[in-house]
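S.K.: Here it is, the structure in full.
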């Protein structure tokens, strides 16, 4: 694993201190290995990118996308970024800000389901169990929205 440059370390630290409302809500549910014992990191550098939330054990990245991600240029950038991350062994799951803010429990269920799929031997607590009803696009590199 390559050492982080001082510039990357500083940028990650700055990004961690400027989370959006949706990222703050999700982080409150993911931090401290509270998500089925899986530990997540905020604004985790991977290559030239920074994952909103990354579980290195499961190699799962959780992205929280605001309105800025709806432009054609942003979608192209996100697709290139996701391809890079997936080509480097990561799975990417995306949620809209609205889904995180308005359907936090469903988002957590979806993350739990993804984690169990990537690391099936791990026991998940009841907060992460259950079936997530289909709403919007879901799956690797896709998103769930209202």
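The values are calculated or read from the model by the stated rules, or taken from the named source; none is laboratory data. Quick caveat, the model's predicted, so the values are computed rather than measured. All Cβ positions, glycine included, derive from the backbone under ideal geometry; neighbour counts span all protein chains shown.
S.K.: Looking at (1) outside any helix (DSSP H, G or I); (2) surrounded by fewer than 18 Cβ atoms within 10 Å (Cβ to Cβ), find the lone condition where residue 93 falls short.
M.R.: Among (1) outside any helix (DSSP H, G or I); (2) surrounded by fewer than 18 Cβ atoms within 10 Å (Cβ to Cβ), the lone unmet condition for residue 93 is (2).
S.K.: In the stretch 113-140, which residue that is at pLDDT 90 or above and in contact with a strand residue (DSSP E or B) (Cβ under 7 Å, 6 or more places away or on another chain) is surrounded by the most Cβ atoms within 10 Å (Cβ to Cβ)?
M.R.: 115
S.K.: Can I ask one more? Which condition number does residue 143 fail, the rest of (1) at pLDDT 90 or above; (2) buried (at least 18 other Cβ atoms within 10 Å of the Cβ); (3) in contact with a strand residue (DSSP E or B) (Cβ under 9 Å, 6 or more places away or on another chain) being met?
M.R.: Of everything listed in (1) at pLDDT 90 or above; (2) buried (at least 18 other Cβ atoms within 10 Å of the Cβ); (3) in contact with a strand residue (DSSP E or B) (Cβ under 9 Å, 6 or more places away or on another chain), residue 143 misses just condition (1).
S.K.: Which residues, taken from the stretch 41-57, are within 13 Å of residue 118 (Cβ to Cβ) and crowded, with 22+ Cβ neighbours inside 10 Å?
M.R.: Hits for the stretch 41-57 are 54, 55.
S.K.: Mind telling me which of the residues 37, 66 ends up being within 16 Å of residue 113 (Cβ to Cβ) and surrounded by fewer than 16 Cβ atoms within 10 Å (Cβ to Cβ)?
M.R.: That would be 37, the only listed residue that is within 16 Å of residue 113 (Cβ to Cβ) and surrounded by fewer than 16 Cβ atoms within 10 Å (Cβ to Cβ).
To keep it simple, each residue is scored yes or no on (1) part of a helix (DSSP H, G or I); (2) at pLDDT 95 or above.
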residue: 31; (1), (2): yes, no
residue: 45; (1), (2): no, no
residue: 57; (1), (2): no, no
residue: 62; (1), (2): no, yes
residue: 73; (1), (2): yes, no
residue: 78; (1), (2): yes, no
